[in-house]
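The values are calculated or read from the model by the stated rules, or taken from the named source; none is laboratory data. Everything numeric here is computed off the predicted structure, so don't read it as measured data. Cβ atoms come from the backbone with ideal geometry, glycine included; neighbour counts cover every protein chain shown. Accessible surface areas use protein heavy atoms only, side chains included; no ligands, DNA or RNA. Shrake-Rupley method; radii C 1.70, N 1.55, O 1.52, S 1.80 Å.
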Amino acid sequence: MTHSTADRPLIRVEEFEELARQAPETVRLEFINGRIEVKPVPDGDHEEIVRWLQRLCMQHRPDLWLYGAQHMKVEAYRKGRAIPDAALAPDGHFKGHGSWSDPDGVLMLVEVTSRDADTNQRDRVDKRDGYAAAGIPVYLLVDRDHHTVTVHWQPEAGEYRCLLTHPFGKPVDLPEPVGFTLETAELGKFTGPAENDS
């Protein structure tokens, strides 16, 4: 039987936090599944997608705020460290939190895929599983490679029990506790051709 690096990480989470604290501002480090990951610097289209989602969240849920790049404790026992592209929580929720916030009270985490070789494992697998293990009610993945939006919800025993994937342009219902519909037609203008397009 092989052990994952999450069972025996190469460094302790406290050592990772110190390393992340000392990293240059241009380098964003994450500690996912027992491994240190370098989070890619977002491009302009990536940032525009997050801005688009912020506007929609403000329109539909003015009682909440979509925070960008909030440092979160994730995975089982809060041993992982991730920087999701956005975190939906009550306005003022992170006041008084330290460098890495506990996920309790966060309603949704968002990732927008990056144009790098690690995005498949990182955004579609490792972060999804880490967010489920932390009990994040909704995980929203905006997949620029496949031109899809995937909603994961009902975390239980370290995985999301429900997921739905919609192509860009189709409405996406975000389940409670988020509870509104995303009209996704606008996403097409922030991406190139889908990975499977000829």
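Some notes on this structure:
- Among the residues of the range 147-162, those identified as open to solvent by 40 Å² or more (accessible area, probe 1.4 Å), on the phi < 0 side of the Ramachandran plot and touching a strand residue (DSSP E or B) at 6+ places or on another chain (Cβ under 8 Å) are 153, 155, 161.
- Residues of the range 107-132 satisfying the condition of being within 13 Å of the chain's Cα centre (by Cα) and either of a type in the set (Ser, Thr, Tyr) or part of a loop (DSSP other than H, G, I, E, B) (or both): 107, 113, 114, 119, 131
- Some residue of the range 139-146 being open to solvent by 30 Å² or more (accessible area, probe 1.4 Å) and modelled with pLDDT under 95: yes
- Residues that are acidic (Asp, Glu), part of a loop (DSSP other than H, G, I, E, B) and either crowded, with 22+ Cβ neighbours inside 10 Å or touching a Gly at 6+ places or on another chain (Cβ under 7 Å) (or both) do occur in the range 75-94.
- Cross-chain or 6+ apart pairs with Cβ under 9 Å, the range 161-182 first and small (Gly, Ala, Ser), then not in a loop (DSSP other than H, G, I, E, B): 169/185; 169/187; 169/188; 179/60; 179/173
- Residue match in the range 14-24 (condition: open to solvent by 80 Å² or more (accessible area, probe 1.4 Å), assigned to a strand (DSSP E or B) and in contact (Cβ under 8 Å) with a residue 12 or more places away in the chain): no
- Hits in the range 143-160 - residues which are in contact (Cβ under 8 Å) with a residue 60 or more places away in the chain and over 24 Å from residue 76 (Cα atoms): 144
- Note on the range 133-172: residues that are touching a His at 6+ places or on another chain (Cβ under 7 Å) and either assigned to a helix (DSSP H, G or I) or among the polar types (S, T, N, Q) (or both) total 1.
- The residues on offer are 45, 104, and the sole one that is without any contact (Cβ under 8 Å) to a residue 40 or more places away in the chain and either at negative phi or assigned to a loop (DSSP other than H, G, I, E, B) (or both) is 104.
- On inspection, residue 30 does not qualify as out of contact with any helix residue (DSSP H, G or I) (no Cβ under 7 Å at 6 or more places or on another chain) and loosely packed, with under 14 Cβ neighbours inside 10 Å.
- The number of residues in the range 33-42 being on the phi < 0 side of the Ramachandran plot, surrounded by 13 or more Cβ atoms within 10 Å (Cβ to Cβ) and not in a strand (DSSP E or B) comes to 2.
- Of the residues making up the range 52-61, none is of a type in the set (D, E, K, R), open to solvent by 10 Å² or more (accessible area, probe 1.4 Å), in contact (Cβ under 8 Å) with a residue 40 or more places away in the chain and more than 20 Å from residue 174 (Cβ to Cβ).
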